[in-house]
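Undergrad: I'd like to ask you about the structure that follows.
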Amino acid sequence: MSTPRTAVYPGSFDPPTVGHLDILARALHSTAFDNIVIAIVRNPNKKSLFTIDERAAMLREAFEANPALHDALNAGRLQIDAFEGLLVSYAKAQRATAIIRGLRAVSDYEYELQMAHMNRRLFPGAETLFFMARDEYSYVSSRLTKEVAFMGGDVRGLVPENVYAALMAKVRDAGV
Ligand code: ADP
């Protein structure tokens, strides 16, 4: 049996958005990889709204509503994990041959280019592969979604329904 082709999709996912799910569905559909591990970055220096466990649970619940992602999760093609420290160390431990990232706008490009070069230098065994954001999601980011939600704007449709409910609960808890 040939070695499974594993890709790591790293990110903060704080919270997961429709853009993240779209990248995942398209990456799975591309059949470029046998497995995708969603790797939630544990960064003690970055303030997050949701805990790692909350983010993992939200992803899992969001997949329930998406047949392709749900099937992939059940078939073990999709996994949810968390890591801390160097992405390449984690990718190496996972025996990953690819790192998936999404590109939304030119503003993403500069940072992503630097990261991809640095990661290849550190671990040439994994190639960074970029998926272009779907045009209608190209302005969707976790950060902007949170900002708008906390200022009372309507973010329904920018995040999966279960994430919307969880985000609204955080807004209420904050007394906004
Ligand atoms: P990070 O903090 O590592 O950028 P994010 O959770 O914000 O983590 O994003 C993870 C990955 O998903 C990044 O490659 C990002 O460019 C991509 N991404 C985020 N939002 C979208 C979107 N709307 N469409 C496509 N890709 C996206």
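Undergrad: For residues that are over 20 Å from the mean Cα position of the chain (by Cα) and either on the phi > 0 side of the Ramachandran plot or touching a residue at least 12 places away in the same chain (Cβ under 8 Å) (or both), tally how many sit in the range 154-169.
TA: Total meeting the criteria: 1.
Undergrad: On to the next question. Starting from the range 3-16, take each residue that is touching a residue at least 24 places away in the same chain (Cβ under 8 Å) and list its partners that are hydroxyl-bearing (Ser, Thr, Tyr) and within 7 Å of the ligand (Cβ to nearest atom), counting only C-beta distances under 8 angstrom and pairs at least six apart or across chains.
TA: 12/142; 13/142; 14/142; 15/142; 16/142
Undergrad: Restricting to the range 1-43, and then to whatever is assigned to a helix (DSSP H, G or I) and in contact with a Pro (Cβ under 7 Å, 6 or more places away or on another chain), can you tell me which residue is farthest from the ligand (Cβ to nearest atom)?
TA: This residue is 21.
Undergrad: Being within 10 Å of the ligand (Cβ to nearest atom) and assigned to a strand (DSSP E or B) is the filter here, so list the residues in the range 118-140 that pass it.
TA: If the condition is that a residue be within 10 Å of the ligand (Cβ to nearest atom) and assigned to a strand (DSSP E or B), then 128, 130, 131, 132 are the ones that fit.
Undergrad: Could you check the range 60-78 and list, in sequence order, the residues that are under 18 Å from residue 26 (Cβ atoms) and out of contact with any helix residue (DSSP H, G or I) (no Cβ under 8 Å at 6 or more places or on another chain)?
TA: Correct list: 67, 71, 75.
Readers should treat all values here as calculations from the given coordinates under stated rules, not as data from a laboratory. Bear in mind the structure is a predicted one, so any value in this text is a computation, not a measurement. Because the Cβ atoms are built from the backbone with ideal geometry, glycine has one as well, and the counts that use them run over all protein chains shown.
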